[in-house]
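The values are calculated or read from the model by the stated rules, or taken from the named source; none is laboratory data. What you see is a predicted model, and the numbers here were worked out from it, not measured in a lab. Note that each Cβ is placed from the backbone with ideal geometry, even for glycine, and that neighbours are counted across all protein chains shown.
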């Protein structure tokens, strides 16, 4: 049961980290776009998603979302064996991606407009400007807070026990109710969370070192 | 050929960097633009690839209007190189990666072709040995030379230089000017240079413009504009700023020699 829990927790960690990284990036680009409609849409998403507790999003996707769909689809979801996991991924992603986008947006603000101007005059198209010039610098600029956010998201996977996703925290509760070995199970789970979080910290520190660039050449600009 | 037709640009009330500018620059001409701070020199350059939009008038480059057509703008932008006061190298890329990026992504060169081209350009600006360095590991003069090489990699017909030496320590200015002088002497490329480097203007400019308050006050040969300008405003400027600096530099040069 613990092994299943660990596996699912790791699955939730990997999927939500990757998806929210991607969605957060798209949202951040939308929010600094020159197109007003995109800016409004992005901001609306972030403000709604970020200002509702993550647990509520999990409950929403598990209980409410299937009811909003046409009844056959909703029934299909409710009877789908792994729907708790899907709902967990959706809920965590919605919550986490809004934070990621805001962190990235702050990264964009740290990069002078002149970088974009250089990219424009080299003939790079807008998508290329983002991919090769802006985003690589934005990720570097916000690596520490981004890492912290991803660790936070990892710990939030434990909330998925509330929607019967059989992840690690759910497993410890099950063990407690079946065998009364709750303290042992919880201790093991705690150690696991600490180890994975520490590994994530190590990865972030490693990336920081590997990607370290000296931004002074562009930030010391005088008018 | 670059043509400004009655171009008007306003930032705020009473700040009009381009006040109905008419200007025509022939292919291959080397033009130096000077004038006091806030005269509109930089804006004159920046509206060409439309880093700033203009409020009225029209700008036509090689027969294509860039004022209203996005398609024309994209085409024209890839034919224009721009060198900035602050160099604006991409800090997360090495010198050679900075040069290779646009030829690969915009012109579709393979990595090998782009690398070969970049090495040739590094040779030309005398920085082959710095190919693998990041911008933060280069001096200002080296960064600016890399920035020039990066622009040249796109083989632009037009090069715009926005105060390319103003942010440099005095002893690093000449190495950048040397690259620009050799470019100008090679010929064939239209160059517009916003600069107060009178030595450069005297040596290679075909034409010098003097701007003040969004208007081109003087327009003529280097001798006409620098030595005997018609307007009092220009005369004051030349004697106060340029000649003094120029003389100082020459004095220093003789002193050092």
Looking only at region B:125-144, how many residues end up being more than 14 Å from chain A (Cβ to nearest Cβ) and either in contact with a helix residue (DSSP H, G or I) (Cβ under 6 Å, 6 or more places away or on another chain) or crowded, with 17+ Cβ neighbours inside 10 Å (or both)? 4
Residue within region A:33-41 that is out of contact with any strand residue (DSSP E or B) (no Cβ under 7 Å at 6 or more places or on another chain) and closer than 22 Å to residue A:140 by Cβ present: yes
If I ask for residues that are part of a strand (DSSP E or B) and away from chain A (no Cβ under 14 Å), which ones from region B:46-68 would you list? B:56, B:57, B:58, B:59, B:60, B:64, B:65
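With respect to residue B:209, is the statement that it is away from chain A (no Cβ under 14 Å) and touching a strand residue (DSSP E or B) at 6+ places or on another chain (Cβ under 9 Å) true? Let's see the steps before the verdict.
Numbers: away from chain A (no Cβ under 14 Å): yes; touching a strand residue (DSSP E or B) at 6+ places or on another chain (Cβ under 9 Å): yes.
So residue B:209 passes the test.
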Would you pick out the residues in region B:3-20 that are in contact with a helix residue (DSSP H, G or I) (Cβ under 8 Å, 6 or more places away or on another chain) and exposed (fewer than 15 other Cβ atoms within 10 Å of the Cβ)? none
Note on residue A:135: of the conditions (1) farther than 24 Å from residue B:71 by Cβ; (2) surrounded by 20 or more Cβ atoms within 10 Å (Cβ to Cβ), unmet is (2)
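Of B:80, B:48, B:96, which residue is over 20 Å from residue B:190 (Cα atoms) and modelled with pLDDT of 90 or more? Walk me through it before giving the result.
Working: B:80 fails: over 20 Å from residue B:190 (Cα atoms); B:48 fails: over 20 Å from residue B:190 (Cα atoms).
None of the other options fit; the residue is B:96.
Would you check if there is a residue in region B:168-178 being in a loop (DSSP other than H, G, I, E, B) and at pLDDT below 95?
Residues of region B:168-178 in a loop (DSSP other than H, G, I, E, B): B:168-169.
Narrowing the set further to residues that are at pLDDT below 95 leaves B:168-169.
Yes - at least one qualifying residue is present in region B:168-178.
Okay, residues lined up against (1) in contact (Cβ under 8 Å) with a residue 60 or more places away in the chain; (2) farther than 15 Å from residue B:161 by Cα; (3) in a strand (DSSP E or B):
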{"site": "B:4", "(1), (2), (3)": "no, yes, yes"}
{"site": "B:19", "(1), (2), (3)": "yes, yes, yes"}
{"site": "B:24", "(1), (2), (3)": "no, yes, yes"}
{"site": "B:27", "(1), (2), (3)": "yes, yes, no"}
{"site": "B:32", "(1), (2), (3)": "yes, no, yes"}
{"site": "B:39", "(1), (2), (3)": "yes, yes, no"}
{"site": "B:44", "(1), (2), (3)": "yes, no, no"}
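Is it the case, given these coordinates, that residue A:200 is closer than 30 Å to residue B:155 by Cα and either buried (at least 16 other Cβ atoms within 10 Å of the Cβ) or more than 14 Å from chain B (Cβ to nearest Cβ) (or both)? Give the derivation first.
Working: closer than 30 Å to residue B:155 by Cα: no; either buried (at least 16 other Cβ atoms within 10 Å of the Cβ) or more than 14 Å from chain B (Cβ to nearest Cβ) (or both): yes.
Spelling it out, it is not the case that residue A:200 is closer than 30 Å to residue B:155 by Cα and either buried (at least 16 other Cβ atoms within 10 Å of the Cβ) or more than 14 Å from chain B (Cβ to nearest Cβ) (or both).
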Would you check which residues across region B:183-218 are surrounded by fewer than 16 Cβ atoms within 10 Å (Cβ to Cβ) and free of Cβ contacts under 8 Å to residues at least 40 places away in the same chain and list them? B:185, B:186, B:202, B:203
Condition first: on the phi > 0 side of the Ramachandran plot, within 14 Å of chain A (Cβ to nearest Cβ) and either in contact with a helix residue (DSSP H, G or I) (Cβ under 6 Å, 6 or more places away or on another chain) or crowded, with 19+ Cβ neighbours inside 10 Å (or both). Can you find one or more residues in region B:156-175 that meet it? yes
Any idea which of B:38, B:57 is on the phi > 0 side of the Ramachandran plot and at pLDDT 90 or above? B:57
Residue count, region B:184-217 (criterion: touching a helix residue (DSSP H, G or I) at 6+ places or on another chain (Cβ under 8 Å) and part of a helix (DSSP H, G or I)): 9
Out of B:73, B:89, report the one residue that is assigned to a helix (DSSP H, G or I), out of contact with any strand residue (DSSP E or B) (no Cβ under 8 Å at 6 or more places or on another chain) and within 14 Å of chain A (Cβ to nearest Cβ). B:73
Select, from A:164, A:93, the only residue that is surrounded by fewer than 19 Cβ atoms within 10 Å (Cβ to Cβ), in contact (Cβ under 8 Å) with a residue 24 or more places away in the chain and farther than 22 Å from residue B:97 by Cβ. A:164
In region B:21-36, what residues are exposed (fewer than 15 other Cβ atoms within 10 Å of the Cβ) and more than 22 Å from residue B:202 (Cβ to Cβ)? B:22, B:24, B:27
Please determine, by comparing only the residues of region A:98-125 that are within 14 Å of another protein chain (Cβ to nearest Cβ) and closer than 23 Å to residue A:45 by Cα, which one is modelled with the lowest pLDDT. A:110
Could you grab me the full set of residues in region B:74-111 that are within 19 Å of the chain's Cα centre (by Cα) and surrounded by fewer than 19 Cβ atoms within 10 Å (Cβ to Cβ)? B:79
